[in-house]
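The values are calculated or read from the model by the stated rules, or taken from the named source; none is laboratory data. These figures come from a predicted structure and were not determined experimentally. Neighbour counts are summed over all protein chains in view; Cβ atoms, including those assigned to glycine, are modelled from backbone coordinates with ideal geometry.
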Amino acid sequence: MSNVTKKLRALIAGDGLVPIVGAYDALSARLVERAGFEIMHVGGYNLSASHLGLPDVGYLTLSETVDLAGRIAANTALPVIADGDDGYGNHLNTGRLIFELERAGLAGVHIEDQLFPKRCGHMAGKRLVAAAAFEQKIKAAVDARRDGDFTIIARTDAIAVEGFEKAIERANLYAEAGADVVFVEAPESEDQAARVPNAVTRPALYNWCYGGKSPLLSAEHIAAMGYKFVLFTDALYAVSKTLIELYDEIKRTGTYLGYGERMLPFDEFNQLLDLDRVAALDEKYGG
């Protein structure tokens, strides 16, 4: 059994709210770890936007997700949870997704009950598979894992399509099928958000999405509601604004002197990427 899967299980079993922040490549994974977090997330929108330059509407494939998430997992000792979209097909594809993510060093995955092509959970136009069909997909995911500590998170997007009560019914159905954590996506009010943890039979995850459909509550409030995890996956919003400002500065002035104080110094950047370790290896093996 994997060390990272055991770490994730310990976080689920422990006390208090656990923040999960988003990484979109190996560099951002190192920055998450540097900041002192205990766990990170690889979101489908982060991967689709950063590596394909496309929105989160079903462009990513199973192999792309496994490859990119695996690169992130290889650059951190923290547990990494992958966004597995809808499992990339039926129960067979979902089983293969679990196999490949385990092999790539991930600690867990969430899959959702949308029809392909999926949509970001805070976009309009989502469609759902039948609850019974997704129940079987969760069972297939649970049965496919070789490491019993690999965490299966069941996400339902039913609030926007069928309403809050149906979303809770679906979440509990998926919990009965073996999901370790439930993720009721996009509560539309503080009242809905508050009702989720006590209404579901597994630990609950809250998705904190800037500009999305859900209320942007404080961490203390989310903890008091009874959530186990709060997910902050929006790293690319900050990165995009930073790069827009940097490129605008260069275009406007011809240099980035006016922006330089907001940048990581060259030496510190090299330290972040373990250049000293490379130098030590060169000295040891390079002659």
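Keeping to the stretch 246-276, report how many residues are in contact with a Phe, Trp or Tyr (Cβ under 7 Å, 6 or more places away or on another chain) and under 15 Å from residue 34 (Cβ atoms). Lay out the reasoning, then the answer.
Our first condition is that a residue be in contact with a Phe, Trp or Tyr (Cβ under 7 Å, 6 or more places away or on another chain); within the stretch 246-276, this holds for 246, 249-250.
Those left that are additionally under 15 Å from residue 34 (Cβ atoms): none.
Residues flagged as in contact with a Phe, Trp or Tyr (Cβ under 7 Å, 6 or more places away or on another chain) and under 15 Å from residue 34 (Cβ atoms) within the stretch 246-276 amount to 0.
If the condition is being in contact with a helix residue (DSSP H, G or I) (Cβ under 7 Å, 6 or more places away or on another chain) and of a type in the set (Phe, Trp, Tyr), then the stretch 45-65 contributes only 59.
When the stretch 82-98 is filtered for residues that are buried (at least 20 other Cβ atoms within 10 Å of the Cβ) and touching a Leu at 6+ places or on another chain (Cβ under 7 Å), the ones remaining, listed by number, are 82, 84, 85, 87, 88, 97.
Checked against (1) in contact (Cβ under 8 Å) with a residue 24 or more places away in the chain; (2) surrounded by fewer than 20 Cβ atoms within 10 Å (Cβ to Cβ); (3) within 26 Å of residue 209 (Cα to Cα), residue 125 passes all but condition (1).
Being over 21 Å from the mean Cα position of the chain (by Cα), modelled with pLDDT under 95 and under 24 Å from residue 29 (Cα atoms) is a description that does not apply to residue 236. A residue that is of a type in the set (S, T, N, Q) and under 34 Å from the mean Cα position of the chain (by Cα) can be found somewhere in the stretch 255-270.
Let's see how each residue does on (1) modelled with pLDDT under 95; (2) in a loop (DSSP other than H, G, I, E, B):
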| site | (1), (2) |
| --- | --- |
| 111 | no, no |
| 123 | yes, yes |
| 132 | no, no |
| 139 | no, no |
| 147 | no, yes |
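Consider the stretch 209-242. How many of its residues are part of a loop (DSSP other than H, G, I, E, B) and of a type outside the set (D, E, K, R)?
So the answer is 12.
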